1. At pLDDT 80 or above and assigned to a loop (DSSP other than H, G, I, E, B): does that describe ALA22?
2. Among the residues of the stretch 220-235, are any outside any helix (DSSP H, G or I) and modelled with pLDDT under 90?
3. Among (1) closer than 20 Å to LEU251 by Cα; (2) crowded, with 24+ Cβ neighbours inside 10 Å, where does ILE340 come up short?
4. Does ILE108 satisfy the condition of being among the aliphatic types (A, V, I, L, M), in a helix (DSSP H, G or I), at pLDDT 90 or above and buried (at least 16 other Cβ atoms within 10 Å of the Cβ)?
5. Take the conditions crowded, with 22+ Cβ neighbours inside 10 Å, modelled with pLDDT under 85, part of a helix (DSSP H, G or I) and of a type in the set (Gly, Ala, Ser) and apply them to SER149. Does it pass?
6. Select from the stretch 158-206 the residues that are of a type in the set (Gly, Ala, Ser) and at pLDDT 60 or above and write down the one among them that is farthest from LEU11 (Cα to Cα).
7. Which ones in the stretch 72-86 are more than 19 Å from VAL48 (Cα to Cα), aliphatic (A, V, I, L, M), in contact (Cβ under 8 Å) with a residue 40 or more places away in the chain and in contact with a Leu (Cβ under 9 Å, 6 or more places away or on another chain)?
Amino acid sequence: MKSLPRVLIVLTLVHGLVDAFAAFVQPLWPDLQRSLALQDGSIQWAYVLWGLATSVSQLGFGYWGDRRPRGWLLWVGPAVGLLCLSLIGLAANLAALSTLLIVGGLGIAAFHPEAAALAGSCAPHDRSRAMSVFAVGGYLGQAAGPIYSGVITTHFGLPALVWSLIWGLPILGLLVLGLRDPARVAKPEQARPVVPLADLVRGRGPALTMVLAIGILRVLPALGVPLALSYLLKARGNSNDFIGIVQSTFLGGIGAGSLGCALFVRRGMERRVLWQLPLVVAPLIGICPFVNVQALVLSVSIGGFLLGATMPILVSYGQRLMPEGQRIASSITMGVTWGIGGILVALTTSLANRLHMPELALITYALACASSSLLCVWLPDGETEHQDIQPSFLRTNQTQ
């Protein structure tokens with residue numbers, strides 16, 4: 001058991017590296033559209049494909065892994081992701097860019113369910129805390145990625161991203177050495193009989209649907225705000241490195257909030273955190289288009305922190321609702337929600353760009369955040385396998 005924290009730390013570091021490379025593209029969408037001479041809205045198709053590859057495909061990897069654990073995905077997936085994301089600056093056309101994003105996205109997606117299941121097993125009786133620590137790596141990686149890619153491309157151009165392989169792959173190799181024998185630190189999992197997905201969700205459909213709906217609405221600002229900021233700030237004449245810094249302030253806030261969740265949020269506080277904090281985040285996002293740069297940076301940093309404090313709790317809810325399908329549960333809360341959210345973000349961004357109203361996207365994400373808070377009234381406790389969906393105040397009255 002003493003070695004379990006080491007595994008969690010290594011997983012968190014790999015998560016950070018993977019998500020840093022995944023976030024390279026965040027400040028680059030306007031420049032990629034311009035360098036490939038694409039019409040308005042065309043780049044959103046690449047964004048949708050990228051989002052689907054990195055997120056919805058996690059459901060397939062999760063189901064595959066729950067049948068028989070695939071530990072090799074912990075290094076093959078990241079290696080493929082790092083390779084493809086470093087090459088996006090060399091893409092000669094939309095087809096090449098989309099191919100790199102899809103293949104790289106599949107590599108990133110392959111890593112997450114397997115890693116999340118192993119991270120959760122490090123603290124099976126306190127999954128929210130374990131998932132918070134694991135999530136911190138991802139969010140901090142997402143915060144570092146835009147700064148790095150923004151600075152590199154501003155000074156050396158889009159093709160310079162390829163040199164990231166020189167340091168990225170060796171670091172990955174060193175970290176993976178710490179995961180070479182997970183059986184020494186956790187009870188080995190045996191191959192399981194094939195269980196149809198319908199059987200896994202039977203009796204839990206309403207509860208999982210509610211978790212999925214809340215997750216999608218919560219993901220919209222997490223995914224959409226950085227993209228909306230890239231177009232808003234680019235329209236104001238800001239450079240890629242500045243855009244990357246502002247995006248990283250928001251994403252770094254999410255990472256810090258996730259760490260705060262691990263340190264300070266206890267099981268009895270989870271429901272209050274889930275519904276109260278988004279009500280504060282919503283206006284902080286909504287005012288972004290109408291304030292100066294200093295106020296914008298302050299707003300997105302605070303909003304990101306509060307939003308990040310809620311994210312790991314939903315992941316742990318899913319795992320508690322499906323204890324015999326940990327990877328599938330993680331792929332739903334960490335993958336499917338992000339995939340559907342990514343499609344909605346692409347549609348919102350396309351509409352806002354066509355109308356030349358970048359503020360429309362940010363207001364939409366603010367409303368989504370507030371709506372996710374209202375749905376938490378109907379969220380089950382997540383302590384039992386089968387629960388009826390009903391308002392929380394009715395559940396409270398029934399227990400008195």
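1. On the way: at pLDDT 80 or above: yes; assigned to a loop (DSSP other than H, G, I, E, B): no.
Taking the combined requirement at face value, the residue does not satisfy it.
2. No, every residue in the stretch 220-235 fails to be outside any helix (DSSP H, G or I) and modelled with pLDDT under 90.
3. Single failed check for ILE340: (2).
4. So ILE108 fits the description; yes.
5. In short, no.
6. So, considering only residues that are of a type in the set (Gly, Ala, Ser) and at pLDDT 60 or above, the one farthest from LEU11 (Cα to Cα) is GLY203.
7. If the condition is that a residue be more than 19 Å from VAL48 (Cα to Cα), aliphatic (A, V, I, L, M), in contact (Cβ under 8 Å) with a residue 40 or more places away in the chain and in contact with a Leu (Cβ under 9 Å, 6 or more places away or on another chain), then LEU74, ALA79, LEU82, LEU83 are the ones that fit.
Matching residues to (1) of a type in the set (A, V, I, L, M); (2) modelled with pLDDT under 85; (3) in a helix (DSSP H, G or I):
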residue: LEU307; (1), (2), (3): yes, no, yes
residue: TYR317; (1), (2), (3): no, yes, yes
residue: ARG320; (1), (2), (3): no, yes, yes
residue: ARG327; (1), (2), (3): no, yes, yes
residue: LEU351; (1), (2), (3): yes, no, yes
residue: HIS356; (1), (2), (3): no, no, no
residue: THR364; (1), (2), (3): no, no, yes
residue: SER372; (1), (2), (3): no, no, yes
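The values are calculated or read from the model by the stated rules, or taken from the named source; none is laboratory data. Since we're looking at a predicted model, the values are computed, not measured. Every residue, glycine as well, gets a Cβ built from its backbone with ideal geometry; the counts of neighbours run over all protein chains shown.
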